[in-house]
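Participant: Encoded as structure tokens, here's the structure I'll be asking about.
The values are calculated or read from the model by the stated rules, or taken from the named source; none is laboratory data. Predicted model only: the values in this text are computed from it and were never measured. So basically every Cβ, Gly included, is an ideal-geometry build from the backbone, and we count neighbours across all protein chains shown. For the accessible areas, the whole protein counts, side chains as well, though only heavy atoms, and no ligand, DNA or RNA atoms are used. Shrake-Rupley method; radii C 1.70, N 1.55, O 1.52, S 1.80 Å.
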Amino acid sequence: MLTPQNGNVSAMPLQEFVLDGFAGDPQTQALLFALFLALYVVAILGNLTMIVVITLDARLHFPMYFFLKNLSFVDLCYSSVIYPKALANFLSSSKVITFAGCATQFFFFSMLVTTEGFLLAVMAYDRFMAICSPLRYPISMCPSVCACLVLGCYCGGSFNSIVQTPLTFTLPFCGSNHIDHFHCDVPPLLKLACADTMTNELVMFGLSGLIIMGTTLVVLVSYGYITVTILRMSSGEGRHKLFSTCGSHMTAVSLFYGTLFVMYAQPGAVESMEQGKVVSVFYTLVIPMLNPLVYSLRNKDVKDALWRLGQKHTAK
């Protein structure tokens, strides 16, 4: 923030930001609060249910559900990094977040979203191995390999966050402290900087593009081989079941990667903040809410596990 000092203008570091969020009168803010709260509660309950069911039911202790449990954990965490503060701001007039709070929120958000991108690629690879190489599957996807793959996903997410966070928050912010968004993110923060942000934009577009394109390629190749394998099956019922499952998975993956690409991996992303807010809602709230339904709760094994847990609870 620019402050006169001894007749000169010097840059003083910002102590806080204001998250402008969505525009509207108090009635509109109340409606948005109710809508976002409902979506957030569904996302929390759905992902918590998946974590508990997969943890407690020994019949679900194999690779696919190990990855799904981690996906639910990541969804649960990164939506919770953003939405408690966003929901409070709908009912608040100040909407203030400290500089340290903003940096912390961004660090964990960036880490978890990137981790989810890698996890989706790993899950596609897991399905490829299970369907296309069923005899090798128990060896190629043994517990130690699965643990290393998940650890690699978290390391990849951490690397992206460690690069992006200091690069963004060491910029001089000496103009307005109003972030035109409902959470701390790179594009709206770059608009507040009073320095050349070309390096930041190139790093964001380059790193995000590399991650999105790399993981998308893994997903497309994996599901391409899966599709060929399914078409060779003699059972029409088996083909229909697998196509239905893979189709729903591809829809969820396309929504996630597509919204991330629009937001971070193309040059116009920094300019359109109104579009960015709507896009952000999809990958920070709608997708975490849908993932348990798409990947797990429609699954017969999960339904059976829920029934067994219900029976145990009733028996007590």
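Participant: Tell me, what is the FRET efficiency for Leu217 and Ser93 to the nearest 0.05, using R0 = 45 angstrom and their Cβ-Cβ distance as r?
Facilitator: On the way: r = 47 Å, r/R0 = 1.04.
Plugging the Cβ-Cβ distance into 1/(1 + (r/R0)^6) gives 0.45.
Participant: Under 15 Å from the Cβ of Ser161, count the other residues' Cβ atoms, weight Lys and Arg +1, Asp and Glu -1, and hand me the total. If you can, show how the numbers build up before the last one.
Facilitator: On the way: positive: none; negative: Glu116, Asp185.
So the environment of Ser161 carries a net charge of -2.
Participant: Using a Cα-Cα cut-off of under 29 Å, which lysines could be cross-linked to Lys312, ignoring same-chain neighbours fewer than 8 residues away?
Facilitator: Lys69, Lys300, Lys303
Participant: Still on this structure: Of the heavy-atom accessible surface of the chain (probe 1.4 angstrom), what whole percent is carbon and sulfur? Write out the running numbers ahead of the final one.
Facilitator: Values: 10570 of 15250 Å².
So the carbon and sulfur contribution to the accessible surface is 69 percent.
Participant: Something else now. Return the calculated 222 nm mean residue ellipticity for the chain, to the nearest 500 deg cm²/dmol, obtained by summing -39500 (n - 2.57) across DSSP H runs with n ≥ 4 and dividing by the residue count. Display every interim value, and only then the final one.
Facilitator: Details: 11 runs with 222 residues, N = 316.
Per the formula, -24000 deg cm²/dmol.
Participant: While we're here: Might you list the cysteines of the chain that have no disulfide-compatible partner by the rule of another cysteine's Cβ under 4.7 Å?
Facilitator: If one checks each Cβ against the other cysteines of the chain, Cys77, Cys132, Cys142, Cys146, Cys148, Cys153, Cys155, Cys246 turn up with nothing under 4.7 Å.
Participant: Still on this structure: Tell me, what is the FRET efficiency for Met198 and Ser144 to the nearest 0.05, using R0 = 30 angstrom and their Cβ-Cβ distance as r?
Facilitator: Details: r = 44 Å, r/R0 = 1.45.
Taking R0 as 30 Å, the efficiency between Met198 and Ser144 is 0.10.
Participant: Tabulate in residue order the Karplus-calculated ³J(HN,Hα) for region 276-293, using 6.51 cos²θ - 1.76 cosθ + 1.60 with θ = phi - 60°, rounded to whole Hz; enter x for Gly and Pro.
Facilitator: x, 5, 5, 4, 4, 4, 5, 8, 9, 9, 5, 5, x, 6, 7, 3, x, 6
Participant: So for the chain, taking the charge dipole from beta-carbon charges (+1 Lys/Arg, -1 Asp/Glu), which of Val221, Ile211, Ala30 sits furthest toward the positive end?
Facilitator: Final value for the positive-end residue is Val221.
Participant: Just the number please: accessible area per residue for region 76-177, 1.4 Å probe, all protein chains included, in Å². Before the final figure, lay out each step's value.
Facilitator: Values: 4140 Å² over 102 residues.
Value for region 76-177: 41 Å² per residue.
Participant: Continuing with the same structure: Suppose accessible area is computed on protein heavy atoms with a 1.4 Å probe; arrange His178, His61, His183 from highest to lowest. Don't skip to the answer; put the middle values down first.
Facilitator: Details: His178 85, His61 115, His183 0 Å².
Ranked list, largest accessible area first: His61, His178, His183.
Participant: Same structure again: Assuming R0 = 22 Å, what is the FRET efficiency of Gln275 and Ala23, from their Cβ-Cβ distance, to the nearest 0.05? Walk me through the numbers before you get to the answer.
Facilitator: Working: r = 14 Å, r/R0 = 0.63.
Efficiency computed from Cβ-Cβ geometry: 0.95.
Participant: Lys/Arg Cβ at +1, Asp/Glu Cβ at -1, dipole of the chain taken about the Cα centre: which of Pro84, Thr168, Leu290 is farthest positive-ward?
Facilitator: Selected residue: Leu290.
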